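The values are calculated or read from the model by the stated rules, or taken from the named source; none is laboratory data. If you're wondering where the values come from, they're calculated on a predicted model, not measured in any experiment. Positions of Cβ are backbone-derived with ideal geometry, glycine not excepted, and every protein chain shown enters the neighbour counts.
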Amino acid sequence: MKTLVGKIFLLIMPFVLLIPSAEKQLAQETNNIIEKRAFLEAQLGEIEILSTGSSHGNAINPVFFSRRGFTLNNPAQDLYYDGQLVEIYLGRMPKLKLVIVPISYFAFEYQLDRSEARSLGAYYHKFWGIPPQHFDNYLDLRYYSNLALYGWKGYLDSLWGNFRDPNRTEMDASGFRHTGMQEVHESIEELEGGKYSVKMQEAGMRPEAITENLVVLKRLIESCQAKGVDVVLLTTPTYHTYYDHLDKERVKQWQELIQSVVKEYDIRYMNYLRDERFSSRDFFSRDHLNPVGAEKFTRILEEEVVQPVLG
């Protein structure tokens, strides 16, 4: 037994000794969160329009607004992190006049740190100082360790100069992330794919999350209004192979919840979910606009949201 323990000790010791070096090496690497924070903080004094959201929020490309804009959307981001990010920067943006908050089909029933994407919460904690929404996530080692976050492969890639965070995509100074230029096409595969996308989202939806999500959304709105900043809620365009499969009862509840918030705070809600101005050429996936579609959508928002609200 002692011999076995000794062999195991000798086997793992090199890895243990490498941990401090790996942590230091990986701390020098960058990712989309670090880039987005740097882009944002370099222009805090000029931004007038700020948008948030999950990957659906990348339907907004702020470069096509008439005023300086920035999108704080991130993949899998939920309403809790929307609110936390706005709270961090609200008092540091003297020209901010409008916050746009995308509300997707899953928004009220989804929480990042209760989902399969929960590891992304570590990025917000490490690089923005945002605590997880639920205390038990503090037990996740990724909240404290770069090595746990990126893995040994990430460390080795970093040593060879080939490091790339798997969640990283090309990004503009406006926070807009560049997706593929591909388009969706009518096919049996696309119809089935749309059904699968909805089912995957619904698998991560929990009715018990609604109460907490309403609280964080209302807190976001109240914080903005206290600073004289307008808030607009909106739902981004999707293709019929996505929205045709949405659960009608959930859609009804989702819209009722939005209308209750709109009425309580006297704000606007714009629903572009089934907007017929968008065709298959505007989407790189059934519920995500490609860059051409994002430009088109942002120009629509300029006319239908920005100008009416800000003049």
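Per-residue answers, yes or no, for (1) of a type in the set (D, E, K, R); (2) more than 22 Å from ALA76 (Cα to Cα):
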residue	(1), (2)
PRO94	no, yes
LYS97	yes, yes
PHE108	no, no
PRO131	no, no
PHE135	no, no
TYR144	no, no
GLY151	no, no
ASN162	no, yes
SER174	no, no
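Contact annotation: residue pairs with Cβ atoms under 9 Å, 6 or more positions apart or on different chains, pairing a residue in segment 75-98 that is charged (D, E, K, R) and surrounded by fewer than 23 Cβ atoms within 10 Å (Cβ to Cβ) with a partner that is at pLDDT 95 or above and not in a loop (DSSP other than H, G, I, E, B), are GLU87/ARG219; GLU87/LEU220; GLU87/SER223; ARG92/GLU41; LYS97/ILE49; LYS97/ASP230.
Listed by position, the helices (runs of 4 or more DSSP H) enclosed by segment 237-311 that each have at least 3 residues that are more than 24 Å from LYS97 (Cβ to Cβ) are 240-243, 248-265, 291-301.
Quick check on segment 212-233. Is at least one of its residues small (Gly, Ala, Ser), out of contact with any Lys or Arg (no Cβ under 6 Å at 6 or more places or on another chain) and on the phi < 0 side of the Ramachandran plot? There is at least one residue in segment 212-233 that is small (Gly, Ala, Ser), out of contact with any Lys or Arg (no Cβ under 6 Å at 6 or more places or on another chain) and on the phi < 0 side of the Ramachandran plot. Looking only at residues of segment 260-301 that are among the small types (Gly, Ala, Ser) and surrounded by 15 or more Cβ atoms within 10 Å (Cβ to Cβ), we find that the one that is nearest to VAL229 (Cα to Cα) is ALA294. Residues in segment 170-196 that are within 30 Å of ARG37 (Cβ to Cβ) and out of contact with any His (no Cβ under 6 Å at 6 or more places or on another chain): MET171, ASP172, ALA173, SER174, GLY175, PHE176, ARG177, HIS178, THR179, GLY180, MET181, GLN182. In the set (1) surrounded by fewer than 16 Cβ atoms within 10 Å (Cβ to Cβ); (2) in contact (Cβ under 8 Å) with a residue 24 or more places away in the chain, LEU147 fails one condition alone, (1).
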